[in-house]
Each structure stands twice: as structure tokens, then as C-alpha cells.
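Chemist: Mind looking over this structure? Questions follow.
The values are calculated or read from the model by the stated rules, or taken from the named source; none is laboratory data. Owing to the predicted nature of the structure, the values given are computational and were not obtained by experimental measurement. Here the Cβ positions follow ideal geometry from the backbone for every residue, glycine too, while neighbour counts run over all protein chains shown.
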Amino acid sequence: MRSNPATPAVRWCALGRTTGGDFEALAHHADGTASGPTPIPVGDLAGFVATLERDHAPRWVWQSSAAVYPQLLSAGVRVERCHDLRLCHQILRNSQYVADRSALAAATQWIATPASEDISAADSGPALFDLDALPRGHNQPATLADALSEYDRQRAAVNGSSHPGRLSLLLAAESAGALIAAELAAAGIPWDAAEHDRILTRALGPRPASYADKPALLAAAGARVREALGDPLLSLDSPPKLLRALRAAGIQTSSTSQWELAEHSHPALGPLFEYKKLSRLLTANGWAWLDEWVRMGRYRPVYIPGGVVTGRWASNGGGALQLPRVLRPALRADPGWTLVIADVSQLEPRVLAAMSGDTAMAAAGRDTDLYSGIVATSTIANRDDAKIAMLGAMYGATSGESGRLVPQLRRVFPRAMGLVDGAADIGERGGTVTTWLGRSSPEADLDWREAQSQASMPGATPQDEQIARRSARERGRFTRNFVVQGTAAEWALAWLAEIRKQLASFPESEHSPSAESSGPVFSRRPHLAFFLHDEIIVHTPANQAAQVAEVVQAAAAAAGNLLFPGGAVDFRLDLHITDRATKQ
DNA sequence: GCGAACAGCGCG
DNA sequence: AAAGCGCGCTGTTCGC
């Protein structure tokens, strides 16, 4: 349906900015020829992309999806695939799979400026560098020539790498993720503001007339704390003051955090925990949050693909990745629509089993809850202990309950444990580790290396050695976790990308007024609405939900086979079809 | 008076 | 400062 005999198929099409602020494009055909550059006035971009997309669905090669795709989506234009030069550069310039990184290293204008970093904030710092010479890849639009030469560098890097197949997968997955992040923002999370208000009112009391007023139940909990501590004017929101008051009341604590206070018993503590819980809900996700973030039945967070060193997404705006479970019932499908909610059971341990080729661990998770499967091997007594042990193995616990249980795991799952122990060992020695598909951990920073060399100097003090030892261990825990967390993020991207691909071919449904809030591209089709590391929610016309659920399930199997051919490890989903997300 | 740093807690 | 990883957000404290 897409083939057009008059023109050869377009494989990929690069876009760049002109100095005048317009675009130009160069199309690369299947027969090896190229056409262009074609000038595109900025106002014609959506039309140009829509036409080429309809006829050829090329891979769009552009500087940054975050910079162009939101506008395309709001103009009603969806694209099938892209190559996000900025995100891919970030991966390749660090990847240990790429033997010769000199060309990428020299392309400093492509270094991504962290989205959270405000360049002007750096102005006040010491003048270590000439700020005008600093790379500002994210802020400076790339020309077509820039984009083409960077694309060449990146393909050369992949082709010359030790794992071109894996790296290609990673770049495709990362780029698909960039499209999905923009699409999630465009579609928005269907959010029931009235339900959110009911949840707040039930917990905190009726909405106060002004943000400055404390809700009744929060104020009441505060009053009970002050009474129990015999300090009627105490400010509970100031940790130093609260700490002094707690100690004055005879509670021997070194902090005001719940984990430590939970060890003590005092009549003030129950009300204090209640106060903290309510205060957190009000300040992080109270009525002010609702007013600021929910419009027309949608919450639109900003996702930042690759925002975490491990490759996980970050977010900014409203804390999309930290929505408290109590608010989940506010996530509600439009009338006539429903939600398909799926999360992966024990994603990280399963990823570890797959990447280490630990057949015993793979077997423990086959057709069952992995933790129960570990209990069935008779190495660990119960599910809770199995979970604590597993987390300890992946995070590097050395003491306590968790540290005590890890050695049991080491006996039954030597290959899996060998992989994470090896990663920790490399990190402790200052080395770099790499995920399955090729994302490498950052190098040890200057402070860290100095601390290590300081400790090995002839005049090193016991303190020097202690500091070096501790920071080495810390880095070991980071690299230990990096390989697992990072590979799990890669699996999740592959899962997302496959779901997205399948959903795009669903037939359009009838017009539904409330769904218009999801914008022109998504208001008539099932679409991803939420993503949280190992969980997705698809918002879908109710009559297509069963089919969507099958797609989500099949995509998990596909992601497993894509990353780990052979399918030794099951990636099990917990899947529900429901109008409203529930707390659990 | 402003911004960085910290404490605390939400999520995986 | 959790015994153990990765984040973002809010309110307070602290230093310039």
C-alpha cells in the first residue's frame, strides 16, 4: 500500500535546520541514490513529513525527537521510526562495544546537555572552561550537513563495533523510546480530577479555601503530635526543630526519618507518621498539583528518555514516575474506553538470569513467580526471604537480613551471581561495565580516582584508606546494579516499541468526544498512556481491549526473544483489563 | 536575597 | 546515614 512505482523507496530521510530557521531534507533511497537537499519552510514541515511518511515510512534521521516530534504530533502527524542522533550519540560515545571512539569523541557539539541543566547556572561557577566554547548540542540546532556527518560517524561506529547487532538494536530501541515519550505526552494520562479530589478529601479533609490553609485532618494530626510532645508551638516541617523536640521527649533518635523512628515507641510517633504521610500527599500531589497538571481530563508529564545513567527514563514535571499508589484510582479511562494494565513480574532478576545464561535461575522463574520458584529449589525458606535475597544480590547488600541471605543464592545460581559480582569487582577497581545491548557506565570521576591514589601513596593515613575503601565499595554497588537495571531498561524499551508498532495497525474506532483530549493522532486508536520502568498502561476503546491485551502479552515474548534469542527465560506479565487503575 | 545542599519520602 | 541501586519533588537550612 505504501509502494509508489514512480519513485524509488526512501529508506531514510535526514532533516536539518537552515540558518534562517527553516528545514532541509535529504532522502536516501533503497537503490543507494539520494535526492535533495529539499528546502522546507518551517511551516511546511508537518506536510512534508506526512507525505513522505504515508508513501515510504522512512527512518527519520534528526537531531532530536524531543525538539521536533511534539509539533508534528499536534499537527496530526505520526512517524513510524526515527534515528535520534542526540540520544544515539550519547550511547555510542561511551560504549565499550565501540573500539574506536575518537571520531565520536571529537564531535563535541553532540554531547547532550542534560535537560535539567540550565546553562546560565554554570556562569556563576569557576571559569574552568571557556563557556562560549562549551558544547551545547541540545540547544543549537544541527544543520543538514551536521546531521549527515554525525549519522555517518554513528553508522561507522556501529559497523566497527564488537557487537553491531546489539548496538543497532539499542539505537533503534532508544530512538523508538524518544518517539514514545513524545507520544505519551501528546496523548496524556486520562485523569479523573473528581476522583483525585475525593481521595484527597477522604485523607486530608475538605479542600481549604486557600493553599495557605492546612486541611483539617492534617492540622488535627499535627495538633496531636504537638500535644504528645508537650510543645504547642512546634514546627513539624522543620527537621532540626522536630529532632530537638523528639529528643527532649526522651526519644533517642539521630534523625526524624520514619525508618529510624519506627524502632522507637512513643505516643507522639503514631500521629507523627500520620502527619508526615498526609503532609507528603498534600505537598507533592495535593490540590495545587491537580490545578497545575491536570487539564481537560489529562495529566501530561514530560518524559526524558535516557535521562538516567542506566538508560532508564527520567521525568520532569509533576513527578510522573513517582505518583503515589493511593492516587492510582484517579487514572481512569474515558467513557467507552478502558485500560489494559500490565507489569512485568520480577523483571530485573529475569533479565539477570537471561544475560548470565543461568539456567537454574531461568528454570526457577519458568511458568511461575520467580521468588516462589526459588523457594521451590529449597535454598531459601519463604518468598519474602527470596525477594530480600534477590534484591540484596542486585544492589550489593553486605549486612543485615539481606546480606545474610545472599550467599545462599550464590550457591544455587553461580552464573547469575558471578555476573553481578564481576560487575561489582570491575567498578571497585575503577573500571567500566556495559549492559547487554551496549550502554556503558560512566567513568570513575576525578574525585574518586584521587581518593584511590591518595590511599595507595606511602604516607596514606587510615582515614585515607577508609575513604578510598568506602567509595570503592559504593562504586562497586553502582556498577553491580548498572548492568541489571540498564539491561532491564533495554528490555522494557523493546517491549514498548513492539507494543507501539502493533497498536499502530489497529483500526480506528468511532468518534468519542472525551477521547479528543488525546489529540488528533491518538483519539481514535488504542495508545500507550503510561510507562513506569516495568509497567505500561494502554488506553483503548473498550471493544478492542482483549486484542490489545494479546498484543501486550505477545510483545513481552517478542522483546525477550529480540534481546535473548532462544527464549530460555520467561518474561511473565501481570495483566488486567479495567476502567480504573487500582492501588495494588 | 538568592541558589545550592540537605532531609525526607514517593516510585521502580 | 538504612543494611542496598536508580531517580524527582517539596520545604527548610545554610552559605555567599
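Chemist: Listed residues A:Thr578, A:Thr487; which is out of contact with any strand residue (DSSP E or B) (no Cβ under 9 Å at 6 or more places or on another chain), at pLDDT 95 or above and either among the charged types (D, E, K, R) or more than 20 Å from A:Glu183 (Cβ to Cβ) (or both)?
Modeler: Of A:Thr578, A:Thr487, the one residue that is out of contact with any strand residue (DSSP E or B) (no Cβ under 9 Å at 6 or more places or on another chain), at pLDDT 95 or above and either among the charged types (D, E, K, R) or more than 20 Å from A:Glu183 (Cβ to Cβ) (or both) is A:Thr487.
Chemist: Something else now. So which of A:Ala354, A:Ala381 is modelled with pLDDT of 95 or more and either out of contact with any strand residue (DSSP E or B) (no Cβ under 7 Å at 6 or more places or on another chain) or assigned by TED's automatic domain parsing to the domain that holds A:Arg166 (or both)?
Modeler: Just a single option satisfies the conditions, and that option is A:Ala354.
Chemist: Quick one: how many residues across segment A:241-270 are farther than 21 Å from A:Ala223 by Cβ and near DNA strand C (Cβ under 10 Å from one of its atoms)?
Modeler: Selection size over segment A:241-270: 7.
Chemist: May I ask you to list the residues in segment A:444-476 that are touching a residue at least 12 places away in the same chain (Cβ under 8 Å) and in a loop (DSSP other than H, G, I, E, B)?
Modeler: Listed by number, the list holds a single entry, A:Ala444.
Chemist: Another one. Could you tell me which residue of segment A:327-378 is nearest to A:Arg202 (Cα to Cα), considering only residues that are surrounded by fewer than 16 Cβ atoms within 10 Å (Cβ to Cβ) and in contact with a Lys or Arg (Cβ under 7 Å, 6 or more places away or on another chain)?
Modeler: A:Ser372
Chemist: For segment A:31-80, how many residues are without any contact (Cβ under 8 Å) to a residue 40 or more places away in the chain and hydroxyl-bearing (Ser, Thr, Tyr)?
Modeler: Counting residues in segment A:31-80 that are without any contact (Cβ under 8 Å) to a residue 40 or more places away in the chain and hydroxyl-bearing (Ser, Thr, Tyr) gives 4.
Chemist: Another question, if that's okay. For segment A:230-245, which residues satisfy the criterion of being under 40 Å from the mean Cα position of the chain (by Cα) and either under 18 Å from A:Ser279 (Cα atoms) or touching a residue at least 12 places away in the same chain (Cβ under 8 Å) (or both)?
Modeler: Once the filter is applied, which keeps residues that are under 40 Å from the mean Cα position of the chain (by Cα) and either under 18 Å from A:Ser279 (Cα atoms) or touching a residue at least 12 places away in the same chain (Cβ under 8 Å) (or both), segment A:230-245 yields A:Leu234, A:Ser235, A:Leu236, A:Asp237, A:Ser238, A:Pro239, A:Pro240, A:Lys241, A:Leu242, A:Leu243, A:Ala245.
Chemist: Still on this structure, please answer the following. Determine whether segment A:490-497 contains at least one residue that is closer than 22 Å to A:Glu80 by Cα, surrounded by fewer than 20 Cβ atoms within 10 Å (Cβ to Cβ) and not assigned by TED's automatic domain parsing to the domain that holds A:Ala354.
Modeler: There is no residue in segment A:490-497 that is closer than 22 Å to A:Glu80 by Cα, surrounded by fewer than 20 Cβ atoms within 10 Å (Cβ to Cβ) and not assigned by TED's automatic domain parsing to the domain that holds A:Ala354.
Chemist: Using the structure shown, decide if A:Glu274 is of a type in the set (D, E, K, R), more than 30 Å from A:Ala182 (Cβ to Cβ) and away from DNA strand C (no atom under 15 Å from the Cβ).
Modeler: Yes.
Chemist: Tell me, which helices (runs of 4 or more DSSP H) wholly within segment A:250-298 include 2 or more residues that are within 27 Å of the chain's Cα centre (by Cα) and among the small types (Gly, Ala, Ser)?
Modeler: Ranges flagged: A:269-285.
Chemist: Further question: Going by the conditions given, is A:Asn316 among the polar types (S, T, N, Q), within 11 Å of DNA strand C (Cβ to nearest atom), at pLDDT 95 or above and farther than 20 Å from A:Gly486 by Cβ?
Modeler: Spelling it out, it is not the case that A:Asn316 is among the polar types (S, T, N, Q), within 11 Å of DNA strand C (Cβ to nearest atom), at pLDDT 95 or above and farther than 20 Å from A:Gly486 by Cβ.
Chemist: May I ask you to list the residues in segment A:88-130 that are in contact with a Pro (Cβ under 9 Å, 6 or more places away or on another chain), at pLDDT 95 or above and either crowded, with 22+ Cβ neighbours inside 10 Å or among the aromatic types (Phe, Trp, Tyr) (or both)?
Modeler: A:Tyr97
Chemist: Restricting attention to segment A:273-302, which residues are within 14 Å of DNA strand B (Cβ to nearest atom) and crowded, with 19+ Cβ neighbours inside 10 Å?
Modeler: Those that are within 14 Å of DNA strand B (Cβ to nearest atom) and crowded, with 19+ Cβ neighbours inside 10 Å: A:Tyr275, A:Lys276, A:Leu278, A:Ser279, A:Leu281, A:Leu282, A:Asn285, A:Gly286, A:Trp289, A:Pro301.
Chemist: Looking at A:Ser161, A:Ser175, A:Ser235, A:Ser255, can you tell me which residue is of a type outside the set (A, V, I, L, M, F, W, C), surrounded by fewer than 21 Cβ atoms within 10 Å (Cβ to Cβ) and out of contact with any Pro (no Cβ under 8 Å at 6 or more places or on another chain)?
Modeler: Values: A:Ser161 fails: surrounded by fewer than 21 Cβ atoms within 10 Å (Cβ to Cβ); A:Ser175 fails: surrounded by fewer than 21 Cβ atoms within 10 Å (Cβ to Cβ); A:Ser255 fails: out of contact with any Pro (no Cβ under 8 Å at 6 or more places or on another chain).
Result: A:Ser235 is the single residue among A:Ser161, A:Ser175, A:Ser235, A:Ser255 that is of a type outside the set (A, V, I, L, M, F, W, C), surrounded by fewer than 21 Cβ atoms within 10 Å (Cβ to Cβ) and out of contact with any Pro (no Cβ under 8 Å at 6 or more places or on another chain).
Chemist: Against the definition (more than 13 Å from DNA strand B (Cβ to nearest atom), assigned to a helix (DSSP H, G or I), of a type in the set (Asp, Glu) and farther than 30 Å from A:Asn543 by Cβ), how does A:Asp231 come out, yes or no?
Modeler: no
Chemist: Still on this structure, I have one more. What's the number of the only condition in (1) under 13 Å from A:Ala342 (Cα atoms); (2) touching a residue at least 24 places away in the same chain (Cβ under 8 Å) that A:Glu550 fails to meet?
Modeler: (2)
Chemist: Now, a different point. Being assigned to a helix (DSSP H, G or I), surrounded by 15 or more Cβ atoms within 10 Å (Cβ to Cβ) and within 11 Å of DNA strand B (Cβ to nearest atom) is the requirement here; does A:Leu242 meet it? Outline the logic, then answer.
Modeler: Working: assigned to a helix (DSSP H, G or I): yes; surrounded by 15 or more Cβ atoms within 10 Å (Cβ to Cβ): yes; within 11 Å of DNA strand B (Cβ to nearest atom): yes.
Criteria met by A:Leu242.
Chemist: Go through segment A:315-332 and give me each residue that's touching a helix residue (DSSP H, G or I) at 6+ places or on another chain (Cβ under 8 Å), more than 10 Å from DNA strand B (Cβ to nearest atom) and more than 20 Å from A:Met296 (Cβ to Cβ). Don't jump to the end; show me each part of the working.
Modeler: Within segment A:315-332, the first condition is being touching a helix residue (DSSP H, G or I) at 6+ places or on another chain (Cβ under 8 Å), and the residues that meet it are A:315, A:317-319, A:322-324, A:326-327, A:329-330, A:332.
Still in the list and also more than 10 Å from DNA strand B (Cβ to nearest atom): A:317-318, A:329-330, A:332.
Matches in segment A:315-332: none.
Chemist: Also, I was wondering about something else. Go through A:Tyr97, A:Tyr69 for me and flag whichever is aromatic (Phe, Trp, Tyr) and either within 26 Å of A:Ser505 (Cβ to Cβ) or part of a helix (DSSP H, G or I) (or both).
Modeler: Residue meeting the stated conditions: A:Tyr69.
Chemist: Looking at the structure I just gave you, is A:Gly311 assigned by TED's automatic domain parsing to the domain that holds A:Ile537, assigned to a loop (DSSP other than H, G, I, E, B), more than 6 Å from DNA strand C (Cβ to nearest atom) and farther than 23 Å from A:Ala203 by Cα?
Modeler: Yes; evaluated as a whole, the condition is true for this residue.
Chemist: Further question on the same structure: Quick one: in segment A:180-226, which of the residues that are among the β-branched types (Val, Ile, Thr) and assigned to a helix (DSSP H, G or I) is nearest to A:Ala330 (Cα to Cα)? Explain how you work it out, then say what you get.
Modeler: Step one: filter segment A:180-226 for residues among the β-branched types (Val, Ile, Thr), giving A:180, A:189, A:199, A:201, A:225.
Subset that is assigned to a helix (DSSP H, G or I): A:180, A:199, A:201, A:225.
Numbers: A:Ile180: 23, A:Ile199: 8, A:Thr201: 13, A:Val225: 31 Å.
For segment A:180-226, the residue satisfying everything is A:Ile199.
Chemist: When only residues in segment A:299-308 that are farther than 19 Å from A:Leu167 by Cβ and of a type outside the set (Ser, Thr, Tyr) count, which is farthest from DNA strand C (Cβ to nearest atom)?
Modeler: Taking segment A:299-308 and keeping what is farther than 19 Å from A:Leu167 by Cβ, we get A:299-304, A:307-308.
This time we only want the ones that are of a type outside the set (Ser, Thr, Tyr), so: A:300-302, A:304, A:307-308.
Details: A:Arg300: 12, A:Pro301: 8, A:Val302: 8, A:Ile304: 7, A:Gly307: 5, A:Val308: 4 Å.
Across segment A:299-308, the extreme among qualifying residues is A:Arg300.
Chemist: Is it the case that some residue within segment A:300-315 is more than 16 Å from the chain's Cα centre (by Cα) and farther than 25 Å from A:Pro526 by Cβ?
Modeler: Taking segment A:300-315 as the starting set, the residues that turn out to be more than 16 Å from the chain's Cα centre (by Cα) are none.
Among the residues of segment A:300-315, not one is more than 16 Å from the chain's Cα centre (by Cα) and farther than 25 Å from A:Pro526 by Cβ, which makes the answer no.
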